[in-house]
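Undergrad: Pasting in a structure now, in structure tokens, and then I'll have a few things to ask.
We did not get these values from a lab; they are worked out from the coordinates using the rules stated. Note that this is a predicted model, so its numbers are computed, not measured. Here the Cβ positions follow ideal geometry from the backbone for every residue, glycine too, while neighbour counts run over all protein chains shown.
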Amino acid sequence: MSIQTKDLKKAYDSPSWWYDLRGLFILTFAYHDTLWSEIRFFAKNYSDEHLEMAIGSGTLTLLCLLKRKLLGPRGKVAGIGLDYVPSMLAGAEWKFKFNSNWQLAVGDVYALPYEDNKFQTINVANAFHCFPDPKAAMGCLFRVLKPGGTLAVNVMHWPTQDGLLSRLSRWIMEWTIRKGILYSPYAPELIREAAARAGFEITHESPHGNSVYWLLKKPASQAGLINSA
């Protein structure tokens, strides 16, 4: 279901600092978004039963935790950070090696090794574009989220405007697809459909440049495995 491992190895065969620098470039010129906007959004969605999918080098997660510590919201945060590419976890392991509240592991969104209704919060930051089947991915995330729990995700879409910056964004997106970093941008309509099919309620939808931030809630009345096919 996921991007071919050989493609991912080529896409993520650099040191974690280069991945962070490249990611900032993509965020600025493809997403047309800012790092601070992402930190403000994702920092709100943590708990002591949290899943970070995919944590990557761990830099964004660390900045979100720092923001919570300095500016709030307060409260204990503990959880699991997964990434599909083992090499990507090297940076996260170094950043979180002294934080006993976090576990790091290699994992695939389509084969999450956790029981139903395990996590209170899930963040999917800058990663949904790597999932070849967004509807199945939504179903898998819904399964492991507790009733009443929330999923925060940002999803890149193709530019809807014309002009030099939009053409540059499209070129970068096409380059990341060839590189293996990106599987595909997804239209907001597709994400709404995938969320509804999984059983989520949309509690927040906010466009940011060439992406949309979503906060999805699993209704308190729903539990257990749903059909994610």
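Undergrad: Below 9 angstrom from the Cβ of Asn117, what's the summed charge of the other residues (Lys, Arg +1; Asp, Glu -1)?
TA: Values: positive: Lys118, Arg143, Lys146, Lys218; negative: Glu115, Asp116.
So the environment of Asn117 carries a net charge of +2.
Undergrad: For Ile55, what residues show an amide H to amide H distance below 5 Å, using hydrogens built from the backbone and excluding near sequence neighbours?
TA: Under 5 Å from the amide H of Ile55: Leu82, Asp83.
Undergrad: Shape call for the chain from the C-alpha gyration tensor, a ≥ b ≥ c root eigenvalues: rounded (a/c under 1.5), prolate (a/b greater than b/c) or oblate? Could the numbers behind the result be given before it?
TA: Values: a/c = 1.36, a/b = 1.16, b/c = 1.18.
Rounded, because the longest to shortest axis ratio a/c is under 1.5.
Undergrad: Please compute the length gained on full extension between Phe25 and Trp158, using 0.36 nm multiplied by the number of residues separating them and subtracting their Cα-Cα distance.
TA: Values: separation 133, 0.36 × 133 = 47.88 nm, distance 1.67 nm.
Net length gain for the segment: 46.2 nm.
Undergrad: Now for a different question. If amide H atoms are built 1.01 Å from N in the plane of the peptide, which residues on other chains or at least 5 residues away come under 5 Å of the amide H of Tyr186?
TA: Counting only residues 5 or more places away or on other chains, the set is Met156, His157, Trp158.
Undergrad: Just want to confirm a number: the relative contact order over the chain, from Cα pairs under 8 angstrom separated by 6+ residues, in percent. Walk me through the intermediate numbers first.
TA: On the way: 444 pairs, mean separation 54.4, N = 229.
RCO, the chain: 24 percent.
Undergrad: List the residues of segment 43-69 whose backbone N lies under 19 Å from a point placed 7 Å from the Cα of Lys97 along the Cα-to-Cβ direction.
TA: Taking a point 7 Å out along Cα→Cβ of Lys97, the residues of segment 43-69 whose backbone N falls under 19 Å are 56-63.
Undergrad: Strictly over 27 Å apart at the Cα level, which of Lys135/Lys179; Lys76/Lys179; Lys67/Lys97; Lys76/Lys218; Lys97/Lys179 would you flag in this model?
TA: Numbers: Lys135/Lys179 24 Å; Lys76/Lys179 38 Å; Lys67/Lys97 19 Å; Lys76/Lys218 22 Å; Lys97/Lys179 30 Å.
The answer is Lys76/Lys179; Lys97/Lys179.
Undergrad: Still on this structure: What longest range of the chain stays clear of loop-exposed chymotrypsin sites (Phe, Trp or Tyr not before Pro) (DSSP non-H/G/I/E/B, at most 15 other C-beta within 10 angstrom)?
TA: The answer is 115-229.
Undergrad: Just want the ordering: Asp162, Asp133, Asp48, from fewest to most Cβ atoms lying within 10 Å of their own Cβ.
TA: Ascending number of Cβ neighbours within 10 Å: Asp162, Asp48, Asp133.
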